[in-house]
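Colleague: Sharing a structure here in structure tokens format.
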Amino acid sequence: MMTGRQRPRRRRQRLGPIFVSIFILTALASAALFWWLSERPNTAHETPEYASIEHPIMLDGEWSQTGAQGEGEGLLIPLEIARKLLGDGVRYEQDSQSIILTTNQAVLHFKTGELDATMNRKPLKLSFAAKDEDGKLYLPFAPLKELFGIQAEVGETSGIVTLLMPDKKVQQGEVPASSKKGAKLRSGPDKSYPIVEDLAPGADVTVWGEEEGWYKLQSAEGFIGYAPKSGIALGESKVVPSASEEEKPFVPWNLTNERINLTWEPVYTANPDTGKIGELTGVNVVSPTWFALKDGTGQIISKADASYSTWARNKGVQVWGLFSNDFEPVKTTQALADYDTRMSMIQQLLAYAKAFKLNGINLDFENVETSDKDNFVQFVRELAPLLHEQNLVLSVDVTPKSGSEYWSLFLDRGRLAEAADFLILMAYDEHWASSPEAGSVASLPWTEQSISRLLEEDGVPAGKLILGMPFYTRIWTETVSGTGETKVTSKTMSMDSVNKLLAEKKLTPKLSEETGQNYVEFKEEGATKKIWIEDASSIRKRAELVKKYSLAGAASWRRGFESSDIWAALDKALQ
């Protein structure tokens, strides 16, 4: 009986290895199938999401998430794409439906739905108008191509639009003609991704990058995808043609090896008697404060004097008429708000420049709302090309960088430098007239820091920066009250006034290592008097900063505050 029971168990034991073998074989077969399937190229084709759009726009090998409209010469592209490509070169003002395109040489203005336009104030007829479709603005591509040199390549059957900026270097490639099967353009850098387009032998492609043995490509039809590097032959790089340039580009300063040496001429009520001005050794530009904003409509008040211009011209000195916003923030906001008021100011300045034979305009806008930052940049962008057309220079006065909203934060110095010929850094009033503490008008370390911040933080080219320096100082009075509180007041003084005071009181200044200036302190009627002195020594040090940083030159505020030795000292130091 026991023997009979043991035999079935032996049969079951013999079946175990069989089941194990079957399991192993099945696992191996599954693994082999999985490996084969994973290694097998995906043969499925996939239509990209952007193919459902009429004219999808591609930028630098990426879909822009939007599309164009129209065909051929009537191609229209969205405002957002134009702004992405051209930045400040494109401006849209919704209230008037105005579109303004600006370059270094041109200002093109037109309105939505209208073919009538102006180019540098001259009438122009567009072939196609801008249009607003469901709240989305489309611009005609033709003027963008003409002004900025943007190129558009359109897929013959796909309708895909590829936009290329001028001077862009683009790597070319092709599927080798010897390839029998061509290449598969896939949606990702692996053969498991579906096929976007079949590329025939000899097909041209644009190479936008590479990733783990795969090239990121764009086909002639505009489709974007990936193909193995081994299946693509690289060709030459092509450079998109530059935008057309004027035959004689405007040169703002062509005096060989001579730095700008500008001085401001203050004209408050009447112009100076030029017969009493005397010799301004080294000065090659004068900037009389002739023009000021009258109101929010853009009307300009003029105190210009033809005899002054004639006097300067006879001395070989350029005249850059100063235009001020009169330091009035409200009317400045109104005047900068739209194209019509800005153009009104520009037309008046052009008329004054012609009438008084000016060589340039110097903009001095101060005490401005921070919200007007973009509008001020736009004004400069519109003014510059129209001045250049008349061979006139544009300089813009800027303060040192600070946290002051109305006096500093409204200035986008980098963007202003792109549009204007020169920025003049008004490197003074480190301690202003009503400062709560006494101090230098412009210490040398503070001045140098102000220069370096504009060059390094804002990217202002050194060759476009003019260093403004003070010909004045302040005498500070510190009076201690009975409660121990110190009251600080100041009075502005010219160089001659300081020299006279020093002589009268027989004071001997000493060099302040902290400020780099001569300094004097004395007691008078129980109060402490302090003066950080501007003289030939401090002016020479400022001129050395001009040379150290390879700046365009120097500007001085103002003529009439200098002592007799200053012009020769400054001229020599700038050499």
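Colleague: Within region 130-158, take every residue that is within 23 Å of the chain's Cα centre (by Cα) and part of a loop (DSSP other than H, G, I, E, B) and give me the one that is surrounded by the most Cβ atoms within 10 Å (Cβ to Cβ).
Modeller: Ile150
Colleague: Among the residues of region 546-560, which ones are in contact with a helix residue (DSSP H, G or I) (Cβ under 6 Å, 6 or more places away or on another chain) and closer than 28 Å to Ile277 by Cα?
Modeller: Within region 546-560, the subset in contact with a helix residue (DSSP H, G or I) (Cβ under 6 Å, 6 or more places away or on another chain) is 549-552, 554.
Scanning region 546-560 gives Leu551, Ala552, Ala554.
Colleague: While we're on this one: Among the listed residues Leu392, Leu423, Leu416, identify the single one that is under 23 Å from Thr289 (Cβ atoms), free of Cβ contacts under 8 Å to residues at least 60 places away in the same chain and touching a Gly at 6+ places or on another chain (Cβ under 8 Å).
Modeller: Leu392
Colleague: Within region 416-464, count every residue that is under 30 Å from Val90 (Cβ atoms), in contact with a strand residue (DSSP E or B) (Cβ under 8 Å, 6 or more places away or on another chain) and part of a loop (DSSP other than H, G, I, E, B).
Modeller: Result for region 416-464: 3.
Okay, residues lined up against (1) of a type outside the set (S, T, N, Q); (2) surrounded by fewer than 13 Cβ atoms within 10 Å (Cβ to Cβ):
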{"residue": "Ser219", "(1), (2)": "no, no"}
{"residue": "Gly225", "(1), (2)": "yes, no"}
{"residue": "Thr269", "(1), (2)": "no, yes"}
{"residue": "Pro288", "(1), (2)": "yes, no"}
{"residue": "Glu328", "(1), (2)": "yes, no"}
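Colleague: I'd like to know if region 475-489 contains one or more residues that are under 19 Å from Ala419 (Cα atoms), modelled with pLDDT of 95 or more and part of a strand (DSSP E or B).
Modeller: No, there is no match, as no residue in region 475-489 is under 19 Å from Ala419 (Cα atoms), modelled with pLDDT of 95 or more and part of a strand (DSSP E or B).
Colleague: Right, here's the next one. If you take the residues of region 210-249 that are part of a strand (DSSP E or B) and under 28 Å from the mean Cα position of the chain (by Cα), which of them is farthest from Gly321 (Cα to Cα)?
Modeller: Filtering region 210-249 for residues that are part of a strand (DSSP E or B) and under 28 Å from the mean Cα position of the chain (by Cα), the one farthest from Gly321 (Cα to Cα) comes out as Lys238.
Colleague: Exactly one condition in (1) among the charged types (D, E, K, R); (2) buried (at least 17 other Cβ atoms within 10 Å of the Cβ); (3) within 37 Å of the chain's Cα centre (by Cα); (4) not assigned by TED's automatic domain parsing to the domain that holds Val396 is not met by Arg542; state its number.
Modeller: (4)
Colleague: Follow-up. Step by step: first the residues of region 507-538, then only those that are polar (S, T, N, Q) and in a strand (DSSP E or B), then the one that is nearest to Ala438 (Cα to Cα). Which residue is that? First the steps, then the outcome.
Modeller: Let us first name the residues in region 507-538 that are polar (S, T, N, Q), namely 508, 512, 515, 517-518, 528, 537-538.
If we keep only those that are in a strand (DSSP E or B) as well, we get 512, 517-518, 528.
Numbers: Ser512: 14, Gln517: 15, Asn518: 15, Thr528: 11 Å.
My answer is Thr528.
Colleague: A further question follows. Can you find, within region 539-562, the residue that is nearest to Asn518 (Cα to Cα) among those that are assigned to a loop (DSSP other than H, G, I, E, B) and hydroxyl-bearing (Ser, Thr, Tyr)?
Modeller: Tyr549
Colleague: Within region 483-529, count every residue that is under 25 Å from Gly560 (Cα atoms), buried (at least 16 other Cβ atoms within 10 Å of the Cβ) and among the aliphatic types (A, V, I, L, M).
Modeller: Qualifying residue count for the region: 6.
Colleague: Filter region 250-293 down to the residues that are among the acidic types (Asp, Glu) and in a strand (DSSP E or B) and list them by number.
Modeller: Step one: filter region 250-293 for residues among the acidic types (Asp, Glu), giving 258, 265, 273, 279.
Answer for region 250-293, where residues must be among the acidic types (Asp, Glu) and in a strand (DSSP E or B): just Glu265.
Colleague: Right, next: Please identify the pairs in which a residue from region 196-215 that is more than 13 Å from Gly182 (Cβ to Cβ) has its Cβ atom under 8 Å from the Cβ atom of a residue that is hydrophobic (A, V, I, L, M, F, W, C) and loosely packed, with under 14 Cβ neighbours inside 10 Å, counting only partners at least 6 apart or on another chain.
Modeller: Every condition considered, the pairs that remain are Val207/Leu234.
Colleague: Can you name the residue in region 389-412 that is in contact with a helix residue (DSSP H, G or I) (Cβ under 6 Å, 6 or more places away or on another chain) and part of a helix (DSSP H, G or I) and, of all such residues, is farthest from Leu108 (Cα to Cα)?
Modeller: It comes out as Glu405.
Colleague: All but one of (1) polar (S, T, N, Q); (2) assigned by TED's automatic domain parsing to the domain that holds Glu71; (3) in contact with a Phe, Trp or Tyr (Cβ under 9 Å, 6 or more places away or on another chain) hold for Ser187; state the number of the condition that does not hold.
Modeller: So Ser187 meets the others, but not (2).
Colleague: Answer yes or no: is there a residue in region 203-217 that is touching a His at 6+ places or on another chain (Cβ under 9 Å) and buried (at least 17 other Cβ atoms within 10 Å of the Cβ).
Modeller: There is no residue in region 203-217 that is touching a His at 6+ places or on another chain (Cβ under 9 Å) and buried (at least 17 other Cβ atoms within 10 Å of the Cβ).
Colleague: Any idea how many residues of region 294-335 are of a type outside the set (D, E, K, R), more than 14 Å from Asp364 (Cα to Cα) and in a helix (DSSP H, G or I)?
Modeller: Residues meeting the conditions: 12.
The values are calculated or read from the model by the stated rules, or taken from the named source; none is laboratory data. The model shown is predicted, which means the values in this text are computed figures rather than measured ones. Note that we place each Cβ from the backbone using ideal geometry, even for glycine, and neighbour counts take in every protein chain shown.
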